[in-house]
Amino acid sequence: MGKSLAYKILENHLVEGVLEPGKEIGIRIDQTLTQDATGTMAFLQFEAMGFDRVKTELSVSYVDHNMLQSGFENADDHRYLRTVAFKYGVFFSPPGNGICHQVHLERFGAPGKTLLGSDSHTPTNGGLAMIAIGAGGLDVAVAMGGGPFYMPCPRVLGVKLTGKLRPWVSAKDIILEMLRRRTVKGGVGFIVEYHGPGAASLTATERATICNMGAELGATTSLFQSDEMTRKYLAAQMREDVYVPLQPDDDAVYHEFVEINLDELEPLVALPHSPDKVVTVGEIAGQRLDQVCVGSCTNSSMRDMHVVAGILRGRHVSPSLSFTVTPGSKQVLQMISKDGSLAEMIAAGARILESACGPCIGMGQAPPSGGHSLRSFNRNFVGRSGTRDANVYLTSPEICAISAVKGEIYNPMNNGERFPEFEEPEEFLIDDTSIVSPANSGETAEVEYGPNIVKLDPFPGMAQTIEAEVILKTEDNITTDHIMPAGARVLPYRSNIPKISEFVYEVVDSSFPERAKKAGRGIVIGGENYGQGSSREHAGLAPRFLGIEAKIVKSYARIHRANLVNFGILPLIFQQTADYDAISQGDRLAIENAPEQIRSGSEVTVKNLTKGIEFTAIHDLSEREVEIVIAGGKLNFTRGQG
Ligand code: MIC
Ligand code: SF4
C-alpha cells in the first residue's frame, strides 16, 4: 500500500506510538519557531523547566506581533526575547525583519523536516514540504528542550489539483474553495496533502499561502511535495543545499479525498465573520468599502506585492477608503523598494506599514464603526480587527487591489481588466544581517526582564471533587479571539497573566472575569469546534488563573484542547446534545472523584446539583494527558518527573 508524503515524514520522526489514526504519537522536532505574543510565555516556561540550551537543529524567535510601542511593555518583551534567545542558543529575528512564517519560509524552512511553532499558522512552511505544526508555547518550550511533540495521529486528506489557475484567480482561491467545501471544522484531525498536476504548477510561496490558511480548516497541518518548484525557490534563496526531492507514492492511500479543477475556480471572498462563509466575488460585487488591507502571513510575498503594484500602476485608490500594504519581510520590502513597486504603491495612495502582523491582529488600522474592510488575510472573527461592529471580508491580494481602485468589491473577470504578469525572481536579495545569532555554548549571557513580566506560581493539582458553577455557556464555533482577545490594547499583557485575565471572554460577556473571580472556581460550557483559531495558550492559561477547572463542550479544536490539558483544565465532551441543552448558565455542577473517574475510563459522571439530574460526559485523553491534567498542568507534570 502506497504512502502519503505526510506519513513518510512522520514515520521518519516517530519516537513513540504507531501511525494509526487517532492513537497518540510522539514525534521528534527538528526546528521550532516562536513569535513574541506567545514567545515570552514559551521562553519563561523553557527557563522554568531548567533547560540550559535548546536541543533542536534550529530554533528561531521572531518579533512580529506586538509591534506598537505605546508604553514600555512591548519594548521590554522584545528585549527579554533578544537576551533569552542569545543565552539559550536561539536565532533572533527582530522587529522589522518580518512576519515569522514568511521569514521562516525564505531563510530557514527545509523539505522533510519537522517544525513546531507557537503560532497556528506555522503550517505555512508545509509549502516547502515540511510537517509544520502549530502548538501552545509550552509544547514548543518542551520541544526546544529536546522533548517529543505528542498529538493524536492525524488522518490524511488528499487534495488533487488539476488544471491551471486563470488570471485573477490565485492560490488564495484554492484555499477559500477548500473552506467553502469543508468549513472551519473540515480539516480537524487531518493533514491536508496537495498533489496532482495543478499542485506541481504552483510556486513555493503560492503553496505557502494554501498551507497557511489550512489552519482555518482546523487541519493539523498541510503540505505539498518537494519538487522542481521547491528547488528553484530554495536556489533563489541561496539555500539549494537543503533541497531534497520528496513525494507521496503513486498509489498513496488517503483517508479522504477531494479534487479541485483549477480551470473552473472563480475569485472568491469570505464574508463576515468566518473564513468559511465563502461566496464568489461576483455575488458580493458592489459592496462599498471603507478599508482595504493587503498583507499578513497569508499574502505578503514578492508575488503578492508585485501583483498589487501592477494593478495599481498609474492609478489611484478610491478616496472613499483607506488602503494599507504590509510587505511580509525585510527581504520583500528591500526588493520592492529597489525595483520600484513600492514607489508605485505609494503613488497610488497606499499606506505602507512595517513588515509585521499589523492590522491582521488588530495592531492598529481598526476600521471605522460599522465599516466594511476587505483584506488579504486569513481570519475575520468578530472584533479581531479592533472594531466590534466592523465587517471584515477575506480575499486575494489582486481582488483587494482592484477593489481599492474601484471603492467597492469588484469582480474583474470578463471585464477586460488587464492582469499584471509576474515571474518569480531567479535570485532573492539575501541579507540576513538583522538576524542575531546566539551565544556560543559556554559564553555567558544575561537575560533582561522588564516589570511587565510577571512569573506565575504553579497551579494546584486537580481537586478530588470538582464542584463549581457554570460561569458561562457558549454556542458553536467559539474562537480563541472570543476567549482571549488580542489587539493593541490586550496584547502587551501576554507576559502578565493577572492583567490579561481581565479581558477573558470580553467579546462574549465582559462580566466573565469578575464573576469567575468572585465564584473562585468555575466550569465553562461550549458547543462544536470550541477554541478554533489561534494557538495562544493564554486562552487556557488565563481562564485557569480565573479559577476555571473544567470545560464541557460538544467538540474541541486541536490546539486549544492541548492547551487546556497543559494548564490543568479538564476538557470533557458531551455525548448528547440533550445534555448540553439541559444545562443553564449559573447551574452548579459536580464531578465527584474526578482523578479516579478519568483514570479508570473515558466516561465521567457529571451531576447537575441545581437541576437534580446527572449525565455522562466523555474524555479522549491519553494516559499521559490524564496524568498531566491531574498534576495541574504540564509544568507540574514535567517537574514531578524530573
Ligand atoms: C493569530 O493569528 O491569531 C495569532 C495572533 O498569530 C495567533 C498567535 C497569538 O495569539 O499570539 C495564532 O494564530 O496562533
Ligand atoms: Fe500574524 Fe495574522 Fe499571521 Fe497571525 S495570522 S501570524 S497575526 S499575520
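The values are calculated or read from the model by the stated rules, or taken from the named source; none is laboratory data. Because the structure is predicted, anything quoted here is derived from the model rather than measured. Cβ coordinates were reconstructed from backbone atoms using ideal geometry, including for glycine residues, and neighbour counts include every protein chain displayed. These area figures cover heavy atoms from the full protein model, side chains too; ligands, DNA and RNA do not enter into them. Shrake-Rupley method; radii C 1.70, N 1.55, O 1.52, S 1.80 Å.
So, in the stretch 55-74, how many residues would count as being open to solvent by 20 Å² or more (accessible area, probe 1.4 Å) and free of Cβ contacts under 8 Å to residues at least 60 places away in the same chain?
Summing the residues that are open to solvent by 20 Å² or more (accessible area, probe 1.4 Å) and free of Cβ contacts under 8 Å to residues at least 60 places away in the same chain in the stretch 55-74 gives 3.
Contact list please: Cβ distance under 6 Å, first residue in the stretch 363-387 and closer than 22 Å to R536 by Cα and away from ligand 1 (no atom under 16 Å from the Cβ), second residue open to solvent by less than 20 Å² (accessible area, probe 1.4 Å) and at pLDDT 95 or above, pairs at least six apart or on different chains.
These pairs meet every condition: T387/P367.
Can you tell me which of D263, D251 is open to solvent by 10 Å² or more (accessible area, probe 1.4 Å), farther than 30 Å from N380 by Cβ, more than 16 Å from ligand 2 (Cβ to nearest atom) and not aromatic (F, W, Y)?
Going through D263, D251 in turn, the sole match is D251.
Given the structure, is I435 under 30 Å from E47 (Cβ atoms) and of a type outside the set (G, A, S)? Quick ask: steps written out before the conclusion?
Values: under 30 Å from E47 (Cβ atoms): yes; of a type outside the set (G, A, S): yes.
Answer is yes for this residue.
Could you list, in sequence order, all residues of the stretch 292-311 that are surrounded by fewer than 24 Cβ atoms within 10 Å (Cβ to Cβ) and not basic (K, R)? Before you say what the answer is, go through the steps one by one.
Applying the first criterion (surrounded by fewer than 24 Cβ atoms within 10 Å (Cβ to Cβ)) to the stretch 292-311 yields 303, 306, 310.
Matches in the stretch 292-311: H306, G310.
Go through (1) out of contact with any Lys or Arg (no Cβ under 6 Å at 6 or more places or on another chain); (2) among the charged types (D, E, K, R); (3) closer than 30 Å to D581 by Cβ one by one and return the number of the condition E424 breaks.
Failed condition: (3).
Does the stretch 400-411 include one or more residues that are closer than 30 Å to Q45 by Cα and at pLDDT 95 or above? Spell out the reasoning first.
So in the stretch 400-411, the residues closer than 30 Å to Q45 by Cα come out as none.
No; the residues of the stretch 400-411 include none that is closer than 30 Å to Q45 by Cα and at pLDDT 95 or above.
For every residue, the table says whether it meets (1) touching a helix residue (DSSP H, G or I) at 6+ places or on another chain (Cβ under 9 Å); (2) hydroxyl-bearing (S, T, Y); (3) under 18 Å from P359 (Cα atoms).
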{"site": "E259", "(1), (2), (3)": "no, no, no"}
{"site": "E266", "(1), (2), (3)": "yes, no, no"}
{"site": "K277", "(1), (2), (3)": "yes, no, no"}
{"site": "Q291", "(1), (2), (3)": "yes, no, yes"}
{"site": "D304", "(1), (2), (3)": "yes, no, yes"}
{"site": "R315", "(1), (2), (3)": "yes, no, no"}
{"site": "T324", "(1), (2), (3)": "yes, yes, yes"}
{"site": "G328", "(1), (2), (3)": "yes, no, yes"}
{"site": "Q334", "(1), (2), (3)": "no, no, no"}
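Among residues belonging to the stretch 165-214 that are more than 16 Å from ligand 1 (Cβ to nearest atom) and of a type in the set (S, T, Y), point out the one that is farthest from the chain's Cα centre (by Cα).
S201
Which residues, counting only those in the stretch 110-126, are small (G, A, S) and more than 14 Å from ligand 1 (Cβ to nearest atom)?
A110, G112, G126
Quick one: V332 ticks every box in (1) more than 24 Å from R107 (Cβ to Cβ); (2) within 16 Å of ligand 2 (Cβ to nearest atom); (3) not acidic (D, E) except a single one, so which number is it?
Result: V332 passes all but (1).
Within the stretch 145-160, does at least one residue satisfy the condition of being touching a Lys or Arg at 6+ places or on another chain (Cβ under 6 Å), under 30 Å from D476 (Cα atoms), part of a loop (DSSP other than H, G, I, E, B) and in contact (Cβ under 8 Å) with a residue 40 or more places away in the chain?
Taking every residue of the stretch 145-160 in turn, at least one turns out to be touching a Lys or Arg at 6+ places or on another chain (Cβ under 6 Å), under 30 Å from D476 (Cα atoms), part of a loop (DSSP other than H, G, I, E, B) and in contact (Cβ under 8 Å) with a residue 40 or more places away in the chain.
In the stretch 163-217, which residue that is of a type in the set (G, A, S) and crowded, with 23+ Cβ neighbours inside 10 Å is farthest from I399 (Cα to Cα)?
Applying the first criterion (of a type in the set (G, A, S)) to the stretch 163-217 yields 163, 170-171, 186-187, 189, 196, 198-201, 204, 208, 214-215.
Within this subset, residues satisfying the condition of being crowded, with 23+ Cβ neighbours inside 10 Å are 170-171, 187, 199, 204, 208, 214-215.
Working: S170: 10, A171: 12, G187: 26, A199: 22, A204: 21, A208: 19, G214: 20, A215: 22 Å.
Within the stretch 163-217, the match that is farthest from I399 (Cα to Cα) is G187.
If A366 satisfies all but one of (1) open to solvent by 10 Å² or more (accessible area, probe 1.4 Å); (2) more than 16 Å from ligand 2 (Cβ to nearest atom); (3) under 22 Å from K406 (Cα atoms), what's the number of the condition it fails?
Unmet for A366, out of (1) open to solvent by 10 Å² or more (accessible area, probe 1.4 Å); (2) more than 16 Å from ligand 2 (Cβ to nearest atom); (3) under 22 Å from K406 (Cα atoms): (2).
Scan the stretch 98-109 for residues that are open to solvent by 10 Å² or more (accessible area, probe 1.4 Å) and either part of a loop (DSSP other than H, G, I, E, B) or within 16 Å of ligand 1 (Cβ to nearest atom) (or both) and jot them down.
Q102, F108
So which pairs qualify, if the first residue must be in the stretch 34-54 and within 15 Å of F86 (Cβ to Cβ) and open to solvent by 40 Å² or more (accessible area, probe 1.4 Å), the second must be within 10 Å of ligand 1 (Cβ to nearest atom) and of a type outside the set (A, V, I, L, M, F, W, C), the Cβ gap must be under 9 Å, and the two must be at least 6 apart or on different chains?
Partner pairs satisfying both residue conditions: none exist.
Of the residues in the stretch 556-588, how many are of a type in the set (A, V, I, L, M, F, W, C) and either farther than 28 Å from E24 by Cβ or free of Cβ contacts under 8 Å to residues at least 24 places away in the same chain (or both)? Before you say what the answer is, go through the steps one by one.
Keep residues of the stretch 556-588 that are of a type in the set (A, V, I, L, M, F, W, C), which gives 557, 559, 562, 564-565, 567, 569-570, 572-574, 578, 582-583.
Restricting the remaining residues to those that are either farther than 28 Å from E24 by Cβ or free of Cβ contacts under 8 Å to residues at least 24 places away in the same chain (or both) gives 578, 582-583.
The total comes to 3.
Filter the stretch 37-89 for residues that are of a type in the set (D, E), away from ligand 2 (no atom under 16 Å from the Cβ) and assigned to a helix (DSSP H, G or I) and give the result.
Within the stretch 37-89, E47, E73, D76 qualify.
In the stretch 264-314, how many are over 15 Å from A401 (Cα atoms) and among the β-branched types (V, I, T)?
Number satisfying all stated conditions: 5.
Could you list, in sequence order, the residues of the stretch 379-427 that are open to solvent by less than 20 Å² (accessible area, probe 1.4 Å) and either over 29 Å from the mean Cα position of the chain (by Cα) or of a type in the set (D, E, K, R) (or both)?
Across the stretch 379-427, the qualifying residues are R379, E398, G407, P412, P420.
What number of residues within the stretch 495-527 satisfy the criterion of being open to solvent by 10 Å² or more (accessible area, probe 1.4 Å) and either closer than 26 Å to P367 by Cβ or under 19 Å from the mean Cα position of the chain (by Cα) (or both)?
7
Is the stretch 92-102 home to any residue that is in contact with a helix residue (DSSP H, G or I) (Cβ under 7 Å, 6 or more places away or on another chain) and under 27 Å from M151 (Cβ atoms)?
yes
Looking at the stretch 482-489, can you tell me whether even one residue there is open to solvent by 10 Å² or more (accessible area, probe 1.4 Å), within 16 Å of ligand 2 (Cβ to nearest atom) and in contact with a Leu (Cβ under 6 Å, 6 or more places away or on another chain)?
yes
On the given criteria, is R544 charged (D, E, K, R) and within 16 Å of ligand 2 (Cβ to nearest atom)? Full working, then the answer.
Values: charged (D, E, K, R): yes; within 16 Å of ligand 2 (Cβ to nearest atom): no.
No; evaluated as a whole, the condition is false for this residue.
Taking strands (runs of 3 or more DSSP E) that fall entirely within the stretch 241-324, which contain at least 1 residues that are among the small types (G, A, S)? Please lay out each step first, then the result.
Values: elements: 256-261, 268-270, 278-280, 291-294.
Of the strands (runs of 3 or more DSSP E) lying wholly inside the stretch 241-324, those with at least 1 residues that are among the small types (G, A, S) span 268-270.
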